[in-house]
Amino acid sequence: LAGSLASAQPFQWPENYAPTATPGGNVNETLFGDFTTFNPAIIASANENAVVSMTGAPALIYRDWLGTRTFKNEAGEYNTLFASNVEEVRPEQEFIVTLREGWTWSDGTEITADDFMLAREIIGDPDVQSNNYSSTVTGDNEEPVVYEKLGKYQFRVTLAEPQVNALAGTAGTVGALPAHIYGPAYEEGGAEAVRSLWGIDTPVDQLVSGGPYIITEFRPGVRLAATTETSTGENVGSARCV
């Protein structure tokens, strides 16, 4: 996955990751049970999430398992992936996130702060019944995590109180949803319309990916297959779930 992502999007993994980040190859998963949805807003199964996360929006930051084993490097700066910069205004409580420019959904639509704003709004709507709802609130009183758009590629995340790994557990978990698809549905039909998006009967060529993999085949009870391509159309990897 790391190698495919590095090939498909403008990001370079740190040098010490190179031995394990060889482009291409296959990822195989065996799932206990079938898929019930391809909708990242309502997925509740760990098995489904493990696969659909391959097609979701890229993570803002990442944990350095080979070095510090945290989301920060030895200098105390965040390990950024989709974020180009993270300013920690108040430790583990307030952040200004600046996104990398030029990243797109698989249909060619650019990924911007609007996709994160909408994801926070939808997943934080109790009527949507998202499994990630807890990432939009903090504390026993469930104080909302506040998102504020500062520009096309920048937004602020503020928690009511400090929380360990706050950015990873809020914006990092909520992630982004394609606003050009989820926005009109949510505006017109609310939570019910969001929940009806991208069921297992949705043709795979209508699913929009923000990650390294695009679902290319789904046979209920049999197989799900996905592939990743470079900007030139070269196939550099594949994934299959049986």
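Using a probe of 1.4 angstrom and keeping all protein chains present, the accessible surface of the stretch 107-219 works out to 47 square angstrom per residue. Note on Thr30: accessible area is roughly 100 Å² with a 1.4 Å probe, heavy atoms of protein only. These residues, Asp127, Asp115, Asp107, Asp140, go from largest to smallest accessible area, 1.4 Å probe, as Asp140, Asp127, Asp107, Asp115.
The stretch 126-202: which GluC sites (Glu not before Pro) are DSSP loop and have at most 14 other beta-carbon atoms within 10 angstrom? Passing sites in the stretch 126-202 are Glu142. Just to be sure I understand the curve: with the Debye formula and one point per C-alpha of the stretch 99-148, what is log10 I(q)/I(0) at q = 0.32 Å⁻¹? Scattering profile of the stretch 99-148, log10 relative to I(0): -1.16.
The values are calculated or read from the model by the stated rules, or taken from the named source; none is laboratory data. Computed from a predicted model, the values in this text were never measured in an experiment. Neighbour counts are summed over all protein chains in view; Cβ atoms, including those assigned to glycine, are modelled from backbone coordinates with ideal geometry. To get the accessible areas, we keep the full protein, side chains included, count just its heavy atoms, and leave off ligands, DNA and RNA. Shrake-Rupley method; radii C 1.70, N 1.55, O 1.52, S 1.80 Å.
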